[in-house]
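Worksheet: the structure to be examined is printed underneath.
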Amino acid sequence: MVDQMPAFSMTVKHIPYQQLRFFSDLISDYLDQKEQLAHLYHRYPKMENFGPQLEEKQKEWQAKQVYRQTLVSVLKEQYSSLQYKKDAMVQIDLMSKDTTFTITTGHQLNLFTGPLYFLYKIISTIKLCERLKEEYPAFDFVPVYWMATEDHDFEEIQYFNYGGRKIVYDREAAGAVGRLTTEGLDHVLEGFSTFLGKHDNALRLQELFKEAYLDHDNLAAATQYLAHELFGKDGLIVLDADDARLKKLMIPTFQEELLKHSCHQSVGQTLKKWPDQYNIQVNPREINLFYLTDEYRKRIIKRDGRFYLDEMETSFSQEEIIDLLKQYPERFSPNVLMRPLYQESILPNLCYIGGGGEMAYWLQLKQYFDSQGVVFPILLLRNSALLMSKKEWGKLKRLPVELEDLFLPEHQLAEKATRVLSQIDIDFTPQKKRLHHQFKELYELAEQTDPSFLGAVGAQERKQIKGLEHLEKRLLKAQKRKLSDQVERSLLIQQQLFPNQSLQERQSNFSYFYQAYGPVMIQWIQAGLDPLDLRFSVLVFEE
């Protein structure tokens with residue numbers, strides 16, 4: 001079904017995720033609410049399930065007023081130097097109320113937001129808050145973007161793609177990426193600007209990059225500014241949890257992890273019952289904490305009764321490391337499996353919104369949350385989308401393939417286009433069926449005369465079927481050559497919309513579309529996405 005949205009001159013089409021090859025069996029079965037996954041989550045993401053989630057979370061947070069006060073204090077300080085922060089301060093003040101809850105998404109500090117799905121995550125979060133306010137008007141809902149400032153894999157975040165070009169921030173880096181200085185990003189801006197041109201949208205992109213990265217000292221502050229500029233008016237709050245005051249609240253949990261290895265035990269028990277048909281996303285460590293300084297982030301490893309820092313000679317006794325935790329909690333950094341517990345402990349959060357990979361490791365964690373007495377959030381798969389221009393949509397409608405066919409692997413798309421275009425039906429299925437029927441009679445004859453000939457009959461059948469398949473492929477190849485021009489146009493539009501045979505949202509940066517459409521592109525995306533519509537969205541922009 002195609003829905004028209006005249007206010008934005010946009011066409012929206014939806015495709016079930018389960019029909020697309022880019023989404024795992026685990027995610028497809030989660031969306032289908034398969035029974036074998038029911039024990040891995042708390043409540044399914046339906047509007048009616050947010051009522052009991054609210055009640056349970058409100059009860060949990062009745063005894064956590066200190067957590068609210070600390071969170072509000074930290075946020076006010078983190079926003080204190082931000083210009084045009086009025087919208088944010090209203091939201092932060094709301095969070096001091098015991099009737100305010102959050103909806104959270106998280107993301108790395110990718111250069112200039114990185115892939116398009118950064119926007120989709122945040123827009124899903126904002127729009128769910130709006131929907132919840134309509135449904136539960138007695139409560140307030142604040143969208144939160146949790147910055148992954150403590151990650152240390154700089155190579156994952158140091159670039160973005162503009163069209164077919166890779167814009168790279170080339171520098172040496174170690175330690176938490178949020179603490180890295182923005183030194184050298186002026187050269188990145190110079191290179192990026194040469195691709196943008198001088199029109200209004202291009203100049204706004206250059207100014208946005210400059211204000212974010214050249215006017216701020218580190219990547220955390222730059223990313224906070226960038227997200228606020230794009231979504232602050234929509235009530236988004238950006239949190240950097242690399243803060244001693246927030247981690248002080250986690251001292252008992254971190255101590256338990258160091259001494260009793262609670263995450264390893266609980267997640268390990270979950271993985272023992274993990275359904276065989278699904279891959280395990282993340283295996284727990286014995287200790288799921290890093291030791292963090294400005295220079296490095298190293299895993300903590302327990303060996304022979306002492307606590308070592310990975311790849312270093314530095315070690316601590318049990319008493320020493322617990323003293324360090326109590327004096328300097330900011331030096332202890334949760335890994336990918338402990339970070340969700342940290343997040344849900346310090347935020348009055350109802351729902352986490354993430355991509356398929358994130359959902360996969362969150363589904364490993366419910367038993368761990370239960371062991372820690374923390375309410376497990378509703379898990380919502382973020383919106384995914386494909387952005388198309390009116391021109392691309394028009395081209396597609398003149399081609400011999402359907403929209404859904406563009407999601408096929410390249411060779412399958414070419415085959416589909418060839419079969420549709422060909423006036424010859426290159427499908428030997430009927431011939432194969434007739435052949436099977438003829439050999440059925442031969443099998444019966446061999447059985448009646450000499451059963452030892454059954455193997456020879458079977459071999460002859462396989463040989464003839466294989467010969468038909470070979471002939472079918474040769475004819476199809478000949479047709480592809482004959483119809484290559486029309487087939488190539490189908491492949492070309494796929495290459496434009498699916499760079500590197502990947503989803504557009506994983507390759508392209510928002511700036512490529514922003515320079516063409518300007519700020520209204522974000523409004524278009526917001527209008528076209530519905531966080532509780534668990535289908536892939538295709539958004540066709542009118543020009």
- Inspect all residues belonging to the stretch 438-452 and state whether any of them is small (Gly, Ala, Ser), surrounded by 13 or more Cβ atoms within 10 Å (Cβ to Cβ) and on the phi < 0 side of the Ramachandran plot. yes
- If you check Glu257 against the conditions, is it surrounded by 21 or more Cβ atoms within 10 Å (Cβ to Cβ) and among the acidic types (Asp, Glu)? yes
- Note on the structure: Turns out the strands (runs of 3 or more DSSP E) fully within the stretch 255-364 with at least 2 residues that are touching a residue at least 40 places away in the same chain (Cβ under 8 Å), touching an Asp or Glu at 6+ places or on another chain (Cβ under 9 Å) and under 29 Å from Ala174 (Cβ atoms) are 289-292, 297-303, 332-334
- Item | Hits in the stretch 181-238 (condition: in contact with an Asp or Glu (Cβ under 7 Å, 6 or more places away or on another chain), more than 17 Å from Asn110 (Cα to Cα) and assigned to a helix (DSSP H, G or I)) | Gly232, Lys233
- Message: Checking the condition of a type outside the set (Val, Ile, Thr), at pLDDT below 85 and touching a Phe, Trp or Tyr at 6+ places or on another chain (Cβ under 8 Å), which residue from Leu503, Leu454, Leu445, Leu534 passes?
- Response: Leu454
- Screening Tyr352, Tyr296, Tyr342 for residues that are aromatic (Phe, Trp, Tyr) and out of contact with any helix residue (DSSP H, G or I) (no Cβ under 9 Å at 6 or more places or on another chain) leaves only Tyr296
- Task: Would you please name the residue that is farthest from the chain's Cα centre (by Cα), looking only at residues in the stretch 238-287 that are hydroxyl-bearing (Ser, Thr, Tyr) and over 25 Å from Asp323 (Cα atoms)?
- Result: Ser266
- Item | Verdict on Leu109 being in the same structural domain as Asp151 (by TED's automatic domain parsing), in a helix (DSSP H, G or I) and at negative phi | no
- Residue match in the stretch 119-135 (condition: surrounded by 15 or more Cβ atoms within 10 Å (Cβ to Cβ) and in a loop (DSSP other than H, G, I, E, B)): no
- Sole miss for Thr314 among (1) touching a helix residue (DSSP H, G or I) at 6+ places or on another chain (Cβ under 9 Å); (2) surrounded by fewer than 19 Cβ atoms within 10 Å (Cβ to Cβ) is condition (1)
- Unique match (being surrounded by fewer than 21 Cβ atoms within 10 Å (Cβ to Cβ), of a type in the set (A, V, I, L, M) and not assigned by TED's automatic domain parsing to the domain that holds Leu529) among Leu403, Leu381, Leu363: Leu403
- Report yes if Arg171 is surrounded by fewer than 17 Cβ atoms within 10 Å (Cβ to Cβ), in a helix (DSSP H, G or I) and in contact with a Gly (Cβ under 8 Å, 6 or more places away or on another chain), otherwise no. no
- All-but-one check, Ala244 against (1) surrounded by 17 or more Cβ atoms within 10 Å (Cβ to Cβ); (2) touching an Asp or Glu at 6+ places or on another chain (Cβ under 6 Å); (3) hydrophobic (A, V, I, L, M, F, W, C), failing number (1)
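The values are calculated or read from the model by the stated rules, or taken from the named source; none is laboratory data. All values derive from a computational prediction rather than experimental measurement. All Cβ positions, glycine included, derive from the backbone under ideal geometry; neighbour counts span all protein chains shown.
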